[in-house]
Ligand code: HEM
């Protein structure tokens, strides 16, 4: 769908990692830093401001290789940002992700006391993310990132996570990922669903008009402008458990694939049930012009093709009849696999930690990520399914049921186990490039 004229984003001030889709395939490394001294932290901001690439010049050969930077609330504090500025940031960001655990369903095995340290602690201040199409270029971009903090007393590297997106874009459960992305007015980056009207820029970047007609600002305005929030979540995937579950609840291999597709809303090839409900169509799955070109309501109101409870219909109900408006709960997803894939056909866990290092970008942590996670993933009321949960990423347990609507009788799966365990994460703020320099020049 064409962009509305007139809205111009200040791309040269927005970090590349906010708007540009990551290349395919790609490798990425997350590095977390602790600021032990405010002066060193400000020097870090100065150096980082010259290595972080902006979203301008997408055609440049460097456009696929970039470094992004995010600060946690504790990080802004460690830099000495004045309290009245700190208070102007989103409430959820100020609380930190670990404090929000109960609402997010991060309980039991997924609760913060079981998270990988230093995730969820006040030690995590800055997160650098280096992205590149291959390991060789990643090394050189990592070197640039390291130069911004190496040898500085007062800055400590405290955590690292390497990730990758395979050429076939499959995540550890075996589904093609990275298909559905929203279009953003004025960004120059097209969305992948031609039937979705581009979203107002203020949904994803602070300082612009959003879908509700308001503009998110911080104090001072310059600090927030062209910045946004990012949600990091390291999600461990129980792949063997998932495969065993499919087998135990199916009558044949074909039936297993159909059940997997019903749970996701897409076949593993990426082909959407909305367009091929009975059989997989791998060609459609990999066709970027067609694999996200669908809506739900007119064609499939009862979910006979794509169940209302499937992962993709829950996390983006598009035009389906639900309580509320889907457009104000959209976010940009940047998921990346970590750990080696479990070889095909293996049903026993090999003990390898594998999963997704998730990143969600959006200007409204509350009504975007937190809402989707708590109301759409871990509840079913919004589409009339009581307490049913997302069968793939829901928090599992006695009440984790999933219904496959079909005729003459629906298929009802009860007490689904938890296939995805939270290993830790945090909320970050990704400042614009001018704001990075403002942080570097702080004199408090
Ligand atoms: C390990 C956990 C997860 C796995 C394996 C996973 C996997 C997938 C896959 C394979 C797709 C379909 C491909 C695509 O549309 O790009 C997808 C779509 C999506 N997922 Fe997830 N996901 C996970 C967690 C989450 C979480 C926690 C959220 C939100 C809080 C989420 C939100 C979405 C959204 C919004 C879409 C796009 C739906 C659409 O527009 O049709 N996912 N996910």
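A few notes on this one:
- Within the stretch 334-351, restricting attention to residues that are at negative phi and touching a helix residue (DSSP H, G or I) at 6+ places or on another chain (Cβ under 9 Å), the residue that is nearest to the ligand (Cβ to nearest atom) is 334.
- If the condition is being in contact with a strand residue (DSSP E or B) (Cβ under 9 Å, 6 or more places away or on another chain) and surrounded by fewer than 18 Cβ atoms within 10 Å (Cβ to Cβ), then the stretch 145-156 contributes 146, 150, 154, 156.
- From the options 412, 434, residue that is away from the ligand (no atom under 16 Å from the Cβ) and closer than 27 Å to residue 278 by Cα: 412
- Selection over the stretch 373-393 of residues that are surrounded by fewer than 23 Cβ atoms within 10 Å (Cβ to Cβ), under 23 Å from residue 258 (Cα atoms) and over 17 Å from the mean Cα position of the chain (by Cα) gives a count of 2.
- Here is the figure for the stretch 322-340: residues that are assigned to a helix (DSSP H, G or I) and surrounded by 21 or more Cβ atoms within 10 Å (Cβ to Cβ) total 1.
- Only a single item in (1) in a strand (DSSP E or B); (2) within 10 Å of the ligand (Cβ to nearest atom) is not met by residue 359, and it is number (2).
- When 274, 261 are checked against the criterion of being more than 20 Å from the chain's Cα centre (by Cα), within 13 Å of the ligand (Cβ to nearest atom), in a helix (DSSP H, G or I) and without any contact (Cβ under 8 Å) to a residue 40 or more places away in the chain, a single residue qualifies: 261.
- Counting only residues that are loosely packed, with under 15 Cβ neighbours inside 10 Å and either free of Cβ contacts under 8 Å to residues at least 40 places away in the same chain or not in a helix (DSSP H, G or I) (or both), the stretch 117-139 holds 4 of them.
- Note on the stretch 367-409: residues that are within 10 Å of the ligand (Cβ to nearest atom), in a loop (DSSP other than H, G, I, E, B) and either modelled with pLDDT of 95 or more or in contact with a helix residue (DSSP H, G or I) (Cβ under 7 Å, 6 or more places away or on another chain) (or both) total 4.
- Only one of the numbered conditions (1) modelled with pLDDT under 95; (2) more than 25 Å from residue 129 (Cβ to Cβ); (3) buried (at least 18 other Cβ atoms within 10 Å of the Cβ) is not met by residue 291, and that is (1).
- Residue among 126, 131 that alone is touching a helix residue (DSSP H, G or I) at 6+ places or on another chain (Cβ under 8 Å), at negative phi and at pLDDT 95 or above: 126
- Only one of the numbered conditions (1) out of contact with any helix residue (DSSP H, G or I) (no Cβ under 9 Å at 6 or more places or on another chain); (2) without any contact (Cβ under 8 Å) to a residue 12 or more places away in the chain is violated by residue 57, and that is (1).
- Matching entry among 101, 165 (being in contact with a helix residue (DSSP H, G or I) (Cβ under 8 Å, 6 or more places away or on another chain) and crowded, with 16+ Cβ neighbours inside 10 Å): 101
- Test for residue 226: is it surrounded by 23 or more Cβ atoms within 10 Å (Cβ to Cβ) and more than 23 Å from residue 393 (Cβ to Cβ): yes
- Unique match (being within 13 Å of the ligand (Cβ to nearest atom), surrounded by fewer than 19 Cβ atoms within 10 Å (Cβ to Cβ) and either more than 24 Å from residue 389 (Cβ to Cβ) or over 21 Å from the mean Cα position of the chain (by Cα) (or both)) among 319, 299: 319
- Among residues of the stretch 418-431, those that are more than 16 Å from the ligand (Cβ to nearest atom) and assigned to a loop (DSSP other than H, G, I, E, B), counted: 1
The values are calculated or read from the model by the stated rules, or taken from the named source; none is laboratory data. Predicted model only: the values in this text are computed from it and were never measured. Note that we place each Cβ from the backbone using ideal geometry, even for glycine, and neighbour counts take in every protein chain shown.
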